[in-house]
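The values are calculated or read from the model by the stated rules, or taken from the named source; none is laboratory data. Predicted model only: the values in this text are computed from it and were never measured. Cβ sites come from the backbone with ideal geometry, for glycine too, and all protein chains shown count toward neighbours.
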Amino acid sequence: MSRVPVILDVDTGIDDALALLYACASPEVELLAVTCVSGNIEARQVAENTRAVLELAGRGDVEVALGRDVPLVRPLVVAPETHGPRGLGYAELPAALMPVSQRHAADLIIEEASRRPGEVTLVTLGPLTNVAVAVLREPLLPRLLKRLVMMAGSYRSPGNTAPTTEWNVHVDPEAASVVLSAFGAPELATRPVALGLDVTERAKLTQEHLDLLADRVGLHRDGWHGSRTIEGLPRDPSEPSSQGALIVRFLADALRFYMEFHSRYDGFYGAFIHDPLALAVALDPTLARLEALRVEIELGGTLTTGETVADWRRTWGKTPNLDVAVEVDADRFIQRYIELVGDWLAKPGSDGGFDEDGRMAARTPDVAI
Ligand code: BDR
Ligand code: CA
């Protein structure tokens, strides 16, 4: 199978963590690196969370780089009420062992894209600060990358941060504007792709889905205890054959916090899993229908700064600069998440870095860090 070289730019974050696991579970993904940006939590904690999740998944070999830790011009805002005080809800992972890369996230993106021109897919799951810095440093970046797919914006639905703004754009609207101008330039062969809340809020993960995933991993219900308790799952990472169970426990602890948040603010006990959906669409475009639109970022509003203003009726008469996801097959995506991640966790050693005992396999990083 020819694999897709992918860089993920994240602000891990509960749903970012779910996306990292999806990437680890996907045989077609060649995960080149993960770059970290401030958003749900400060960038340093993002890098800590990202490395801890990757190490839990047996992928401590993946390079993790830090980027700029504040937005381009605005003060940083973070979202502990959504993702927990350290970004991973109630989950507590052992401190990461592997050091953070010495490369700056923006340099990493430029260098990897230049090393394999036209091959690398960049998927952004947080504010666009790192990508903006990268394209300001290297204006050829849109030509060097194969594709840019972003979880960003809210096109025909309300915002989730202010009435009309989505979190990732809200945190750094100037960065989003820089990225749209550079990657949406009319002379380029492809447009960037954005999944906004219109489609990502269709991807609702429930407790029942988590139970189905646990079933698929082969955890017995009397060990898993069906719903909200995780008693019976191993807590000691050194226990043999327990890595799949540990990851399910991690998911349960992280998602319990996220589900409580959605229950308070969105009226259902479950969670929108925005970021894994964006990654899934980057890997399988048949999951979404896209529409080419002209989109501008509101930068000077009194109430709407950070809004993704889309010209649905072509009133501006400008060339489209963004492919916006307008429909998504959310059921197929959720089903795929359960099957892909569940089967991966049920088969330690097959791919994701577990050895035969289910322990995280030790790997040597293939980059100088
Ligand atoms: C986006 O904001 C963050 O809280 C999530 O991780 C996701 O990337 C949704 O608006
Ligand atoms: Ca995110």
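Given the criteria buried (at least 24 other Cβ atoms within 10 Å of the Cβ) and away from ligand 1 (no atom under 13 Å from the Cβ), does Ala19 qualify? Answer is no for this residue.
Taking the listed residues Gly300, Gly306, the one that is within 16 Å of ligand 1 (Cβ to nearest atom) and in a loop (DSSP other than H, G, I, E, B) is Gly306, with no other qualifying.
Looking at this structure, is Val179 farther than 17 Å from Thr82 by Cβ, buried (at least 22 other Cβ atoms within 10 Å of the Cβ) and among the β-branched types (Val, Ile, Thr)?
Numbers: farther than 17 Å from Thr82 by Cβ: yes; buried (at least 22 other Cβ atoms within 10 Å of the Cβ): yes; among the β-branched types (Val, Ile, Thr): yes.
For Val179, the condition - farther than 17 Å from Thr82 by Cβ, buried (at least 22 other Cβ atoms within 10 Å of the Cβ) and among the β-branched types (Val, Ile, Thr) - is met.
Residues that are among the aliphatic types (A, V, I, L, M) and either within 9 Å of ligand 1 (Cβ to nearest atom) or more than 14 Å from Leu322 (Cβ to Cβ) (or both) within segment 139-148 comprise Leu140, Leu141, Leu144, Leu145, listed in sequence order.
Residue-by-condition table, conditions (1) more than 23 Å from His170 (Cβ to Cβ); (2) in contact (Cβ under 8 Å) with a residue 40 or more places away in the chain; (3) of a type in the set (Ser, Thr, Tyr):
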| residue | (1), (2), (3) |
| --- | --- |
| Ala252 | yes, yes, no |
| Met259 | no, yes, no |
| Leu287 | yes, yes, no |
| Val309 | no, no, no |
| Asn321 | no, yes, no |
| Val324 | no, yes, no |
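For first residues located in segment 327-348 and closer than 17 Å to His274 by Cβ, partners that are of a type in the set (D, E, K, R) and surrounded by 15 or more Cβ atoms within 10 Å (Cβ to Cβ) and lie 6+ apart or on another chain with Cβ distances below 6 Å form the pairs Val328/Arg202; Ala330/Arg202. Restricting Ala95, Ala33 to those that are among the aliphatic types (A, V, I, L, M), at pLDDT below 95 and either touching a Leu at 6+ places or on another chain (Cβ under 7 Å) or surrounded by fewer than 24 Cβ atoms within 10 Å (Cβ to Cβ) (or both) reduces the list to Ala95.
One residue stands out in segment 265-282 among those that are in a strand (DSSP E or B) and surrounded by fewer than 23 Cβ atoms within 10 Å (Cβ to Cβ): the one that is nearest to ligand 2 (Cβ to nearest atom), namely Phe272. Here segment 242-264 is the region considered, the condition is being in contact with a Phe, Trp or Tyr (Cβ under 9 Å, 6 or more places away or on another chain) and among the aromatic types (Phe, Trp, Tyr), and the residue that is surrounded by the fewest Cβ atoms within 10 Å (Cβ to Cβ) is Phe257. If we scan segment 104-118, do we find a residue that is touching a residue at least 12 places away in the same chain (Cβ under 8 Å), closer than 30 Å to Ala203 by Cα, crowded, with 18+ Cβ neighbours inside 10 Å and touching an Asp or Glu at 6+ places or on another chain (Cβ under 6 Å)? No; the residues of segment 104-118 include none that is touching a residue at least 12 places away in the same chain (Cβ under 8 Å), closer than 30 Å to Ala203 by Cα, crowded, with 18+ Cβ neighbours inside 10 Å and touching an Asp or Glu at 6+ places or on another chain (Cβ under 6 Å).
Part of a loop (DSSP other than H, G, I, E, B) and out of contact with any helix residue (DSSP H, G or I) (no Cβ under 9 Å at 6 or more places or on another chain): is that true of Pro71 in this structure?
Working: part of a loop (DSSP other than H, G, I, E, B): yes; out of contact with any helix residue (DSSP H, G or I) (no Cβ under 9 Å at 6 or more places or on another chain): no.
So Pro71 fails the test.
Can you confirm whether segment 29-40 contains a residue that is out of contact with any Pro (no Cβ under 8 Å at 6 or more places or on another chain) and within 9 Å of ligand 2 (Cβ to nearest atom)? Yes, because at least one residue in segment 29-40 is out of contact with any Pro (no Cβ under 8 Å at 6 or more places or on another chain) and within 9 Å of ligand 2 (Cβ to nearest atom).
Would you check if Arg228 is at pLDDT 65 or above, over 19 Å from the mean Cα position of the chain (by Cα) and not in a helix (DSSP H, G or I)? Don't jump to the end; show me each part of the working.
Numbers: at pLDDT 65 or above: no; over 19 Å from the mean Cα position of the chain (by Cα): yes; not in a helix (DSSP H, G or I): yes.
Taking the combined requirement at face value, the residue does not satisfy it.
Beta carbons closer than 6 Å, at least 6 apart along the sequence or on distinct chains, pair a first residue in segment 78-95 that is farther than 14 Å from Leu18 by Cβ with a second that is assigned to a loop (DSSP other than H, G, I, E, B) for Val78/Ile41; Ala79/Asn40. When each of Gly153, Gly196, Gly159 is tested for being within 19 Å of the chain's Cα centre (by Cα), in contact (Cβ under 8 Å) with a residue 40 or more places away in the chain and on the phi > 0 side of the Ramachandran plot, the lone residue that passes is Gly153. Screening Glu166 with (1) more than 9 Å from ligand 1 (Cβ to nearest atom); (2) within 13 Å of Thr305 (Cα to Cα) gives one miss only, at (1).
With respect to the conditions (1) over 22 Å from Arg289 (Cα atoms); (2) within 16 Å of ligand 1 (Cβ to nearest atom); (3) in contact with a strand residue (DSSP E or B) (Cβ under 7 Å, 6 or more places away or on another chain), Met151 lacks only one, and its number is (1).
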